[in-house]
Amino acid sequence: MKKSDIEKIKQRLLKMREQIVNQVREASEDVKSVDEVKGYSQHQADEGTDDFNRTISLSVSSKEQEILRQIDRALEKIDEGTYGVCDVTGKPIPAKRLEALPYAAMTVEAQEQVEKGLLS
């Protein structure tokens, strides 16, 4: 990969990271505000809805935390000079995969093996 391409990817990753950090912060504030008003709902169903919304916010937040971890790993790989190389196999990650998922640290095949529990 060319240095100019990697720099574009780095800027894209930094922008994605900033957006996700803001989303996690907002979700965290929403969860806190729900806790503060809990008990003031007029009806039990309203409290159930509040609890459901908080659960959804926490779930989204944990998924975003995982993506943040992956983005940070991709940024590390850029700094190390190993961006675009699979963490598991050492093979090049196809450019199309990196275009679609710039924080990919594994080839599709390696990712499938990890997800199946065949690799760690």
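Annotations for the structure displayed:
- Between amide H atoms placed 1.01 Å from N, distances below 5 Å from Val85 occur with Ile93, all of them 5 or more places distant or on a separate chain.
- Summarising the label geometry, the points placed 7 Å from Cα in the beta-carbon direction at Lys10 and Glu64 lie 2.6 nm from one another.
- Lys2 paired with Thr89, simple spin-label distance in nm, labels 7 Å along Cα-to-beta-carbon: 2.7
- Which listed pairs, of Lys3/Lys63; Lys10/Lys116; Lys15/Lys116; Lys10/Lys91, have C-alpha distances above 24 Å, in listed order: Lys3/Lys63; Lys10/Lys116; Lys15/Lys116
- With a cut-off of 13 Å between beta carbons, the residues surrounding Val21 carry a summed charge of -1, where Lys and Arg count +1 and Asp and Glu -1.
Values in this text are rule-based calculations from the coordinates and carry no lab data. On a predicted model such as this, the values are computed, not experimentally measured, just so you know. Backbone-built Cβ (ideal geometry, glycine too); neighbour counts: all protein chains shown.
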